[in-house]
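Below you'll find the structure, written out as structure tokens, and then a few comments.
The values are calculated or read from the model by the stated rules, or taken from the named source; none is laboratory data. Given the structure is predicted, the values throughout are model-derived calculations rather than measurements. For neighbour counting, all protein chains shown are included, and Cβ atoms are generated from backbone atoms with ideal geometry for every residue, glycine included. The area values use the complete protein model at the heavy-atom level, side chains included, leaving out ligands, DNA and RNA. Shrake-Rupley method; radii C 1.70, N 1.55, O 1.52, S 1.80 Å.
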Amino acid sequence: MDEQLDKIVASLQRGLTTTWLRAQEVVSAVPGVPGVEIDAVMSRFARFEPLLARLFPEAGWDGRVCSPLLRYPARVGELESVWVKADHLLPMTGSVKARGGVYELLCALEDFAAEDNLLPEGADLSLLLEPGARAALARRRVVVASTGNLGFSIGLVARAFGVNADVHMSADAKQWKKERLRALGATVIEHAGDYEQAVAVARAECAASGAYFIDDERSRRLFAGYSAAGRELAAQLVEAGVSISKNQPLVVYLPCGVGGAPGGIMAGLLREFGDALIVVFVEPVASACMLLALASGRRQSVYQFGLDNHTIADGLAVPTASQLALDLIGARIDAVVAVPDDAMLDALRKVWGEAQLRLEPSAAAAFVALEPFIAARAARGDRLEKAVHVVWTTGGSLLPDSEFLPLINPDR
Ligand SMILES: *Cc1c(COP(=O)(O)O)cnc(C)c1O
């Protein structure tokens with residue numbers, strides 16, 4: 001019997017904020033994502049910039065998938081200064097899925113173009129937007145399954161290129177995302193079950209039909225797509241005059257569902273900051289699959305621990321962590337903080353009031369993790385006095401008023 005694990009499980013079952021810290025002496029190297037693969041991700045994004053800018057002509061957008069680094073305008077708990085990596089403001093999708101999800105879609109587009117000879121040697125990619133290529137792309141289909149944001153993002157961008165999209169949605173997915181997708185001509189398949197069941201059905205259907213499956217649990221391309229965020233943040237910190245070293249480490253707080261988005265981002269950050277990086281994943285207590293995988297030493301579902309995977313953080317409502325994420329970065333995650341729904345909502349309102357950032361509950365979760373993480377490290381004698389804290393806000397800017405206003409005005 002593992003006493004520490006028992007304590008963690010009991011705390012999660014009671015719905016309490018629960019922190020797991022990796023034992024101090026265990027420092028592991030992990031495969032991560034090699035630099036050359038990150039280079040390839042960045043150059044593919046760069047190739048597609050002119051096309052994305054044409055397809056999403058939002059207020060003069062230049063086609064670059066990147067988000068601002070903001071200084072949070074108020075104290076957070078004891079902390080004077082906290083930075084926000086504002087992925088909720090990412091173009092096109094308003095969530096972190098604009099990185100990995102859209103990246104894999106761009107890979108699929110290039111695969112389709114190669115198979116159908118849509119791009120003669122040396123031709124410009126923008127040929128893909130011309131009628132001939134669009135007719136060919138309109139015969140293609142991508143399939144994805146998610147709790148909402150990944151499906152929403154893939155559907156949105158696939159339809160912009162004229163590619164068909166089947167989007168399998170778990171019971172957690174919000175109605176407005178389904179309606180928006182259907183209006184764009186995507187096929188939305190609703191599942192009564194959870195994320196894992198939706199993914200399993202979609203994966204099986206694709207194996208039979210030969211359509212391109214964007215596999216949120218297993219895709220290396222998807223995972224790698226997120227890693228470009230590492231260099232982006234490194235450059236922004238330099239520009240802000242913030243230097244990172246082992247003495248002045250970078251602590252990032254990353255909301256975690258299956259682990260692909262935070263894991264891919266972490267892989268990119270590891271290439272930039274190495275030992276000077278401290279990584280905290282954040283999950284809802286009811287869906288603390290990464291915390292339980294790390295605390296128990298093996299991948300298993302939250303249901304086995306008596307948790308129900310019911311949370312308002314629809315982007316994080318996942319019962320089992322991704323094996324790919326565990327293999328590539330699991331052994332290097334420093335901490336996981338599981339937070340209750342009401343704390344996420346409080347944070348969402350506070351952040352809206354103090355900084356006018358429009359976050360969904362999944363993204364607000366990251367703010368809740370700061371204090372318990374810092375307290376847990378302090379209890380171990382490490383006060384992290386000089387650390388630079390970056391909260392990753394992973395989504396929410398596209399929430400319609402009908403969704404957002406009830407979150408900030410609970411009485412209405
Ligand atoms: C998808 C998502 C995450 C987490 O991504 P995973 O790859 O499932 O770990 C976090 N926040 C938001 C808003 C998301 O949509």
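Annotations
- Scanning region 242-262 for residues that are under 9 Å from the mean Cα position of the chain (by Cα) and either more than 7 Å from the ligand (Cβ to nearest atom) or surrounded by fewer than 18 Cβ atoms within 10 Å (Cβ to Cβ) (or both) returns a single hit, Leu254.
- Restricting Ala29, Ala46 to those that are of a type in the set (A, V, I, L, M), in contact (Cβ under 8 Å) with a residue 60 or more places away in the chain and either within 21 Å of Leu127 (Cα to Cα) or open to solvent by 40 Å² or more (accessible area, probe 1.4 Å) (or both) reduces the list to Ala29.
- Within region 138-227, strands (runs of 3 or more DSSP E) holding 2 or more residues that are within 23 Å of Asp327 (Cβ to Cβ): 141-146, 212-214
- Count of residues meeting criterion [of a type outside the set (Val, Ile, Thr) and in contact with a helix residue (DSSP H, G or I) (Cβ under 7 Å, 6 or more places away or on another chain)] in region 101-145: 21
- Check on Ile408, buried (at least 20 other Cβ atoms within 10 Å of the Cβ) and touching a residue at least 40 places away in the same chain (Cβ under 8 Å): no
- Residue match in region 156-171 (condition: open to solvent by 60 Å² or more (accessible area, probe 1.4 Å), acidic (Asp, Glu) and either away from the ligand (no atom under 12 Å from the Cβ) or over 19 Å from the mean Cα position of the chain (by Cα) (or both)): no
- Considering region 191-207, the residues that are of a type in the set (Asp, Glu) and under 22 Å from the mean Cα position of the chain (by Cα) include one that is nearest to Ala317 (Cα to Cα), namely Asp194.
- Among the residues of region 376-412, those that are over 19 Å from Arg180 (Cα atoms) and assigned to a helix (DSSP H, G or I) comprise Ala376, Arg377, Ala378, Ala379, Pro406, Leu407, Ile408.
- Criterion violated by Val318 - all others in (1) aliphatic (A, V, I, L, M); (2) within 30 Å of Gly241 (Cα to Cα); (3) outside any helix (DSSP H, G or I) satisfied: (2)
- Residue in region 321-329 that is at pLDDT below 95 and open to solvent by 10 Å² or more (accessible area, probe 1.4 Å) present: no
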